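Below is one structure, written out as structure tokens; comments come after it.
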Amino acid sequence: MTISAIAASIGVSVPSVSKVLNGRSDVAPATRRKIEKALQDHNYQRNSRQTGASAARLIELVFHELDSAWSIEIIRGVEQAARRNGMGVVLSDLGGHHSPDQRWMREIIARRPHGIILVLSTLTPEQKRQLETRSIPYVVLDTNGETIVGAPAVGSNNWQGGLLATRHLLSLGHRRIAMVSGPEDVLCSRARVDGYRAAHSEAGVPLMEDPIRWGNFTVNGGYEHGRELLSRPDRPTAIFAGSDMQALGVLRAAREQGIDVPGQLSVVGYDDLPLAAWVDPPLTTVNQPLLEMADAAATMVLGIARGTDPKPRSIELAIELIVRDSTGPAPV
């Protein structure tokens, strides 16, 4: 189906269809919706070879929220893959939202990057179709929730990470283990909690009463939840934090309350950011290969832009537990 045939089928001009395809803003909203629907109904898709030849030599890296050292590791991984391929990187911050708005979509279509990497973000079905219509490929990195059907994705084994961290604490004799996870609506947070629960079940150890706090992966979230957990009469002897940043908050809360780590409280983080080895005490944490994940996502999206169908379409990288000085035997 050609652009002119689509224009004729809905009674609009060819330039109007072309403007919508190219992300131009000078089209009336009602006309834009009409054209987008026609493109979808006719399953229109721009020739990928033409698109690749004219696309900007850019990878669009989209964060639901651009903050903390965690984001920096992702940026470094994407940038190293982009540099190998003569590409630049553009950053987008969705301000805490997990799906971009239509203004962002129009900007993307106008910019026409070689590919898009969505970090803890997702697309609506309409946005997915809009990118496919323009032959702009995308890859999901560490999906925030249910994966986009058919979308290439790169992640790590979050369930295994939660299992390993909790097994370690149980092996040290801890029986009151609390957890400060990430947001409840984020898939990796829930997977880590499921691993934490599975380790208890495997060991035949019941969970302590009301053990789980849903945080936001930030230092402040770890600090606030850590203060509350450590003020309980039955305070935990160990806390598994769903990110290194949250673990830093827990360490501060413990220090303020005069609780010795690891003598009275063991703390485990997640991610193994560079700073984890430099805090006092050095942090036991789950190494999530963020650089490798980001590099793999960038390599995958550029391969799709060149016409390669990735096999497999979903990659899950291994994690490992890094034991340092923030964990020790449960206090007697």
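The values are calculated or read from the model by the stated rules, or taken from the named source; none is laboratory data. Everything numeric here is computed off the predicted structure, so don't read it as measured data. All Cβ positions, glycine included, derive from the backbone under ideal geometry; neighbour counts span all protein chains shown. Side chains included, ligands, DNA and RNA excluded: accessible areas come from the protein's heavy atoms. Shrake-Rupley method; radii C 1.70, N 1.55, O 1.52, S 1.80 Å.
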Task: Any strands (runs of 3 or more DSSP E) falling wholly within the stretch 242-325 and containing at least 1 residues that are among the aromatic types (Phe, Trp, Tyr) and buried (at least 24 other Cβ atoms within 10 Å of the Cβ) - done: 266-271
- [ ] Considering every residue within the stretch 191-202, establish whether at least one is of a type in the set (Lys, Arg), in a helix (DSSP H, G or I) and either under 22 Å from Leu290 (Cα atoms) or touching a strand residue (DSSP E or B) at 6+ places or on another chain (Cβ under 7 Å) (or both).
- [x] yes
Task: Inter-residue pairs, beta-carbon under 6 Å, first closer than 13 Å to Leu169 by Cα and in the stretch 251-270, second acidic (Asp, Glu), 6+ apart - done: Gly269/Asp244
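How many of the residues making up the stretch 222-241 are open to solvent by 10 Å² or more (accessible area, probe 1.4 Å) and in a helix (DSSP H, G or I)?
Residues flagged as open to solvent by 10 Å² or more (accessible area, probe 1.4 Å) and in a helix (DSSP H, G or I) within the stretch 222-241 amount to 5.
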- [ ] Could you please find all residues in the stretch 121-151 being assigned to a loop (DSSP other than H, G, I, E, B) and at pLDDT 90 or above?
- [x] Ile136, Pro137
TODO: May I ask you to list the residues in the stretch 168-199 that are over 25 Å from the mean Cα position of the chain (by Cα), surrounded by fewer than 19 Cβ atoms within 10 Å (Cβ to Cβ), farther than 21 Å from Glu228 by Cβ and not hydrophobic (A, V, I, L, M, F, W, C)?
DONE: Ser171, Gly173
Task: Filtered residues of the stretch 16-30 (kept if more than 21 Å from Pro125 (Cβ to Cβ), modelled with pLDDT of 85 or more and in a helix (DSSP H, G or I)) - done: Ser16
- [ ] Report yes if Arg213 is farther than 15 Å from Gly161 by Cα, touching an Asp or Glu at 6+ places or on another chain (Cβ under 9 Å), free of Cβ contacts under 8 Å to residues at least 12 places away in the same chain and open to solvent by less than 60 Å² (accessible area, probe 1.4 Å), otherwise no.
- [x] no
Task: Among the candidates Ala294, Ala298, Ala330, Ala318, residue that is touching a residue at least 12 places away in the same chain (Cβ under 8 Å), of a type in the set (Gly, Ala, Ser) and under 20 Å from Gly182 (Cβ atoms) - done: Ala294
